[in-house]
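Heads up: the structure comes next, in structure tokens.
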Amino acid sequence: ITRGIIIFIVLKLGYGLLALAIATLVVAFLSLGQHIILLLVADPQVKVDLRCVRLGRIRELFGFSMRSLLVSLGDYLRFSSDSVVIASVLGVGFVTPFNVATRLIECFRSIVVAAGGPVLGAMTELDGARRQDDLQALLLRSTRLLALLSILGGVLLLADGRILLRLWVGEELVSAYSVVAVLALGYMITLSVHAALLIVISKGQHGPLGWWTIVEGIANVVLSVLWGRSHGLIGVAMGTIVPMLFVKVVVQLWYALRAADMSAQEYLRHGLMRPCLVGVLFFAVAGVIASKASLTFASLIGAVLVQAIIFLALMWS
């Protein structure tokens, strides 16, 4: 929120990109200071002591971080490489509508990933205590929670995305809605099983996932080039989604269930079945509500509130 306010003020005052970069840097340093303060509040006795540094622990942390880095690199390859592909295959003018779509998807994705942060800490604690039954129960609960959150965000983008684009960037970029729809559907599915990634990381077994994600990024580039030439921006979006779905929903989920010692039938029945039923009903209702909304921010906000209330009712029914 602070960064958004500062960017708005800087633009209103007539400054350019350099001022925006400086403002972003200042906010980043403020965020670092905030983290330090919150750390001291959470643990007042924490202190930095170089005598506690151990080469073995550094090697352990470095290895864990490198495996996590590979997973992150694969994630960044999806959207970062797409802009290069679009500029090379379709032309620079097509980068803007695609970036508009990916900005919405990234906001959606970041909310779900952030919601999984506390889950990862809890899973790590349970795995360290070798409480396998509790860990499996947490996997199912967190799957239901993150799947419901993913469905809520994905369906809202599918139902209200066209109106949002008209109000946000204008009629000339409403064509980006088709890209938003493809990406939102794909990410809604993959983020629904995000808890599977968390349990693999909590067990420190995410090394292979990093390499699979890199392979996914390469497949993304190849398919985006091939399909982009024949189907335009939709082809690029499909080139992003298809490899991601295969890795996240097939390979990663299979690997995670093995790590959790859980059957696919149990995971689907107790983890995903209820969110899927809620999602189907919510999609039907949300589309009807969106069709009644007028082209104003007030009407859009009202429609989203009604949709959210109905989603909560379906979730708790």
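In nm, to one decimal, how far is the ARG54 label point from the VAL215 one, both placed 7 Å along Cα→Cβ?
Each label point is offset 7 Å from its Cα along the Cβ direction, giving 3.5 nm.
Report, in order of residue number, the helices in the chain meeting two criteria: a C-alpha extent of 18 Å or more along the helix axis, and a mean Kyte-Doolittle hydropathy of at least 0.5; treat each whole DSSP H run as one helix. Write out the running numbers ahead of the final one.
Numbers: long enough: 17-42 (37 Å, 2.44); 55-89 (48 Å, 0.69); 95-115 (30 Å, 1.11); 132-168 (49 Å, 0.96); 177-192 (22 Å, 1.79); 207-245 (35 Å, 1.11); 273-292 (30 Å, 1.64); 297-316 (28 Å, 2.31).
Helices passing the filter in the chain: 17-42, 55-89, 95-115, 132-168, 177-192, 207-245, 273-292, 297-316.
Would you mind calculating the gained length between GLU125 and ALA42 on full extension (0.36 nm times residue separation, minus the Cα-Cα distance), in nm to one decimal? The partial results should precede the final answer.
Values: separation 83, 0.36 × 83 = 29.88 nm, distance 1.73 nm.
Value of the extension gain: 28.2 nm.
On the full set of protein chains, 1.4 Å probe, figure out the accessible area of GLU106 and give it in Å² to the nearest 10.
The accessible area of GLU106 comes to roughly 70 Å².
Regarding the chain, what are the three Cα extents along the principal axes, ordered largest first, in Å?
Over the chain, Cα extents along the principal axes are 59, 51, 41 Å.
Rank these by accessible area, largest first, 1.4 Å probe: LEU164, LEU18.
Details: LEU164 50, LEU18 130 Å².
From most exposed to least exposed: LEU18, LEU164.
Could you tell me whether the range 1-80 comes out rounded, prolate or oblate from its Cα gyration tensor? Rule is a ≥ b ≥ c as square roots of the eigenvalues, rounded for a/c under 1.5, then prolate if a/b exceeds b/c, otherwise oblate.
Working: a/c = 3.23, a/b = 1.52, b/c = 2.13.
Cα axes put the range 1-80 in the oblate bin.
Kindly provide log₁₀ I(q)/I(0) values, in the same order as q = 0.10, 0.12, 0.21 Å⁻¹, from the Debye equation applied to equal alpha-carbon scatterers of the range 192-289.
Log10 I(q)/I(0), no solvent term: -0.39, -0.54, -1.01.
So, in nm, how far is label SER110 from label ILE5 when the simple model puts each one 7 Å beyond its Cα toward the Cβ?
Reported label-point gap for SER110 and ILE5 is 1.7 nm.
For the range 152-214 and the range 11-33, what is the separation of their Cα centres, given in Å?
28
Semi-axes of the equivalent ellipsoid of the range 96-174: what are they in whole Å, largest first, if each equals the square root of 5 times a C-alpha gyration tensor eigenvalue?
Numbers: eigenvalues 269, 29, 8 Å².
Output for the range 96-174: semi-axes of 37, 12, 6 Å.
Grab the beta carbon distance between LEU277 and PHE246, set R0 = 22 Å, and tell me the FRET efficiency rounded to 0.05.
Using R0 = 22 Å, I get an efficiency of 0.35.
Positive end of the dipole of the chain, charges at C-beta (+1 Lys, Arg; -1 Asp, Glu), about the Cα centre: which of ALA260, LEU152, GLY186 has its Cα farthest in that direction?
ALA260
At a Förster radius of 35 Å, what calculated FRET efficiency corresponds to the Cβ-Cβ distance of TYR76 and ASP133, to the nearest 0.05? Numbers along the way, then the final one.
Values: r = 36 Å, r/R0 = 1.03.
Here the calculated transfer efficiency is 0.45.
Enter the accessible area of ASP49 (Å², nearest 10), with the probe set to 1.4 Å and all protein chains included.
Approximately 40 Å² for this residue.
Considering the alpha-carbon set of the range 131-216 alone, what are its Rg and its Dmax in angstrom?
Rg then Dmax for the range 131-216, in Å: 17.0, 55.
The values are calculated or read from the model by the stated rules, or taken from the named source; none is laboratory data. The shown structure was predicted, so the numbers you read here are calculated from the model rather than taken from an experiment. Positions of Cβ are generated from backbone atoms using ideal geometry, with glycine treated the same way; all protein chains shown enter the neighbour counts. Accessible surface is based on the protein model in full, side chains and every heavy atom, while ligands, DNA and RNA are left aside. Shrake-Rupley method; radii C 1.70, N 1.55, O 1.52, S 1.80 Å.
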